[in-house]
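The values are calculated or read from the model by the stated rules, or taken from the named source; none is laboratory data. Since we're looking at a predicted model, the values are computed, not measured. As a convention, Cβ positions derive from the backbone with ideal geometry for all residues, glycine included, and neighbour counts pool all protein chains shown.
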Amino acid sequence: MNVADLETVLPFLLLATGGVALLLVDLAVPQARKSLTGWLAFVVALAAGVSALALVSGKTMKGFAGMVQADAFAYFADVLLCVVAALVILLSLRYHTARGLMRGEFYPLLLLSLSGMSLAVHAADLLVVFLAIELLSIPLYVLSGFARPRLESEEAALKYFLTGAFASGFLVYGVALIYGASGTTALGDLRAALLDNPALTSDALLMAGLALVMVGLLFKIAAVPFHFWAPDVYEGAPTTVTAFMATATKAAAFLALMRVVAGFAALSPSLAQPFEVADALRPMLALIAAITMIVGNVTALAQQNVKRMLAYSSIAHAGYALAGVASGDATAVLFYLAAYAFATLAAFVVLIAVGSTEGNEDHRYEAYAGLGRRAPLLGVIMALAMFSLIGIPPTAGFVGKYFLFRAVVASDLTWLAVIGVLTSALSAAFYLRVLMVLFMREPETAPEAEPAALAADAPRMVAAYVSAAAVLLIGVFPSAVLALLTGGELVALVR
Amino acid sequence: MNDFLPIFVLLVLASGLVSLVLLISVLFGPRRRARNETKLQPYESGMRPIGPAQRRLPVRFYLIAVLFILFDIEVVFFFPWAVALRELGWAGLLSMLIFIGILEAGHFWLWRRGALEWEKMDK
Amino acid sequence: MPVVVEVTLKSAALIFVLLTGFAYLSLLERKFIARLQARIGPNRAGPFGLLQPVADGLKLIFKESVTPKGVDKPIYFLAPALVVVPALMLFAVIPVGKGATFQLASDLNVGALYVVGVMSLAVYGIALAGWASNNKYAVLGGLRAAAQMIAYELGMGLSVAAVVLMASSASLADIVAAQYPEQYGGILGWFLFRQPVAAAIFVIAAFAEVARAPFDLVEAEQELTAGFMTEYGGMKFALFFMGEYVKMIAVSALFTTFFLGGWSGPFVNEAPILSVVYFTIKVVVCLLAFIWVRATLPRVRYDKLMDMGWKVLFPVALANVLVTAVLILLGLPGYRL
């Protein structure tokens, strides 16, 4: 270990030490002023984000004897994750006070989970992938039960924990099998071993291990058929946690997934690009992507609850991103994930604003009737979010889908792109329904004077403006984001 | 495996001894055929037992058990480190201090949050 | 094959010695406590009551084996075994005399780790006995025992770690050897004097591990009847009794090995058999201390017991290990190998 090693995971180190230190600092913060803990966490997340931004165009490096890799993709994901987490912290301050959830442990847990995500995007070894997935998951199990003693929240925590522990079991067992077959857990060595020894590519043990690792990771991104936990957990967890899970977890798990896929690229006979999907994997990924897009969008159509609809929407978007993985274009996938994250976060701003008012938290469509006219700002933000999620220009969602489908078509998966376009058209039905309820329906009972409360919270407004601006700016100036991703040298996900 | 042979032999002999002792009392002890419900009742100071004994237990015991697993692993990590410290030198001590620092942060947090208070844990 | 025969004979001899030791330890305890309380103690069975353990054993053998209603039978019968077997197994790595002849598993280089691991196995026996008995006193006693033992195991493990640190080896033979380097004359090399904090922690934790006064809340008769062994009678009870006493001998033997220089003493090189004598004397002294404490100190309150384990013993033991590590790295006179 030396200092250069530490630099390769600098954002992770900042987040992890910050999280542990904040846990102790929080002990000294009086109960009435827990928002101070929130602000400190905000600073830590921002500092980690800035450190990642400063490193994003640097050289690709390996650290800790090849266990972690620092490249533009990883730092880009770090920036995305830290910004998302910082926005979630801003959103949580008022919401937690209103819902009686203002416990100081929320913020250290969020930072620790974030540190796991940051480690996951840097992972260049299957063991680090496992470690990072555990580190990001375990705080999330606790966070989803944070609205204790609300039953839905406890149920969400237990469901997530039990299924998540099972998925982790698959993952680590798969790692063991891969190690047994190839004698290494480092993705770069694995790829080299596969290239040296073509006989290994048809090894049953290796394939079984690969399948198990895939199951574990597909569970984390909630791809069909490993998605059953997602709607209940997303609905039961506190809305701030849902926002964090739906955006950040997905981005982190996808980059880890792509690195694993890249480690097996040598299963394919030709090898030219930095990131390739093996012929053996491509049909499987494409099939799962197609099913996920179809199931996610069709089921979202039937939902009567905005929060639950967004849960299915997140499943559907995992399908789109997975199509990008099948095409082998990491840039398009990460770009898409960024676009999706900000659009979803913008939608959650509205949900959290609604949840921060007096009375029970109610996310049925009826509860949103007429909201767009009572609080025009929230209405506009929701409209932006929905347009972006459908993929209507000039929002980020449009550019994201454009890059994605272009990559999918370029990799001879035209049928997958067609399914993607068709399901996107279908998704307009339920995304626009939200807007219809928001602007065109009268509330059943006369609402109290709530618009003031909806717009009052300054930190939430900052989060709202930032996420809305991101949706628009990424849509209008995509090249700025792409420059971050491809600004450095040509990056190989696994070397 | 030869290192562990004596331990295995001792395990077999000790288990054999225990089985023998349990067998002796069955062989030599009196056997009374008539079933006597009262005699077979669990002892509850002479009262008829009220409710089953194996019901839900106070959660504090589980909490202690979980904490133990956490910190016992810490203790186990000490042994290989302790054997090798003279070779590892100051770098070894530093690594251990980082490890201990993280765990002790948790210990301190538990302490301050009252997880170690036996009497007031219910609140 | 001869190795297996030799090992089997040694194991059988060890078990025989331990069983005899257990029987006469129970007599020793009754006699000694009686003296401390100005009584005479058992004196009817044989001269000075020397046949008392035989009489006790015979009485228990001819008791009916009662299995109460509602017990979880496999676990109910397994639990006593889980207490006795680990207690006996502890002796596999303890060097009771000079040289490999007097140590069963002499080649095992992870002895200290083995000791800590096997010692904690006994918790299972006690917790399961309480659980399987279908008796509320037993459940409470078993739970208390489990919580108490695991709380003190941390302190004990760390005090042993300090000893391992001093000896730079986890083999118990090496630990004994490390207490007799050239530069220290006689008993000053004992870890009792070079690691006093670890020794104190080990003693306190040992009392809690064996669950004897003042830490015998597990079977506090005023509130819990007989704790986890309420529903155990006859020879099944005898097994728990045996487990407790064998563990007491084992802990004394471990304290002797870790802190009192083990088997060492004058003239062991000329007459190796003397080493066994020294070892036995040291162990008996420890056992008398055990009994003396029982006769002297009242029982502590349970919440104080837990507080002591988690808030005093564990942090102090941890600090002791780290301070020892620093002193070793500084190469202070008392901390060289």
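Being of a type outside the set (D, E, K, R), within 26 Å of A:LEU15 (Cα to Cα) and crowded, with 17+ Cβ neighbours inside 10 Å: is that true of A:SER168 here?
It is true that A:SER168 is of a type outside the set (D, E, K, R), within 26 Å of A:LEU15 (Cα to Cα) and crowded, with 17+ Cβ neighbours inside 10 Å.
So which helices (runs of 4 or more DSSP H) are wholly in the range C:67-181 and hold at least 3 residues that are within 30 Å of C:LYS236 (Cβ to Cβ), among the aliphatic types (A, V, I, L, M) and within 7 Å of chain B (Cβ to nearest Cβ)?
Correct list: C:73-89, C:136-167.
Which one of these does B:PRO42 not meet: (1) under 26 Å from the mean Cα position of the chain (by Cα); (2) facing chain C (nearest Cβ under 7 Å); (3) exposed (fewer than 10 other Cβ atoms within 10 Å of the Cβ)?
That leaves (3) as the condition not met.
So C:GLY309 passes all but one of these: (1) among the small types (Gly, Ala, Ser); (2) more than 12 Å from chain B (Cβ to nearest Cβ); (3) closer than 30 Å to B:TRP111 by Cα. Which condition number does it fail?
Against the list (1) among the small types (Gly, Ala, Ser); (2) more than 12 Å from chain B (Cβ to nearest Cβ); (3) closer than 30 Å to B:TRP111 by Cα, C:GLY309 comes up short only on (2).
Among the residues of the range B:58-67, is any within 30 Å of C:ALA167 (Cβ to Cβ) and assigned by TED's automatic domain parsing to the domain that holds B:HIS107?
Yes - at least one qualifying residue is present in the range B:58-67.
Of all residues in the range B:5-17, which are more than 16 Å from C:LEU18 (Cβ to Cβ) and at the interface with chain C (Cβ under 7 Å from one of its Cβ atoms)?
Scanning the range B:5-17 gives a single hit, B:LEU5.
Look through C:ALA38, C:ALA23 and report the one residue that is surrounded by fewer than 18 Cβ atoms within 10 Å (Cβ to Cβ) and at positive phi.
None of the other options fit; the residue is C:ALA38.
Can you pull out the residues in the range B:45-56 that are at the interface with another protein chain (Cβ under 9 Å from one of its Cβ atoms) and within 14 Å of C:THR230 (Cβ to Cβ)?
B:SER45, B:PRO49, B:ALA53
I'd like to check something: does the range A:218-240 contain any residue that is under 27 Å from A:ALA410 (Cβ atoms) and assigned to a helix (DSSP H, G or I)?
yes
If I filter the range C:56-65 down to residues being within 7 Å of chain B (Cβ to nearest Cβ) and touching a residue at least 60 places away in the same chain (Cβ under 8 Å), which single residue comes out as surrounded by the fewest Cβ atoms within 10 Å (Cβ to Cβ)?
C:GLU64
Can you pull out every residue in the range A:3-43 that is surrounded by fewer than 20 Cβ atoms within 10 Å (Cβ to Cβ), at the interface with chain B (Cβ under 10 Å from one of its Cβ atoms) and part of a helix (DSSP H, G or I)?
A:THR17, A:VAL20, A:ALA21, A:LEU24, A:LEU27, listed by residue number.
Given the residues B:LEU20, B:LEU103, which is the only one that is more than 8 Å from chain C (Cβ to nearest Cβ), more than 30 Å from A:ASN2 (Cβ to Cβ), at pLDDT 75 or above and assigned to a helix (DSSP H, G or I)?
Of the residues listed, the single one that is more than 8 Å from chain C (Cβ to nearest Cβ), more than 30 Å from A:ASN2 (Cβ to Cβ), at pLDDT 75 or above and assigned to a helix (DSSP H, G or I) is B:LEU20.
Which residue, of A:ALA47, A:ALA52, is out of contact with any Gly (no Cβ under 8 Å at 6 or more places or on another chain) and modelled with pLDDT of 90 or more?
A:ALA52
When the range B:85-98 is examined, which residues are found to be loosely packed, with under 14 Cβ neighbours inside 10 Å and either aromatic (Phe, Trp, Tyr) or more than 8 Å from chain C (Cβ to nearest Cβ) (or both)?
B:GLU87, B:TRP90, B:ALA91, B:LEU94, B:SER95, B:ILE98
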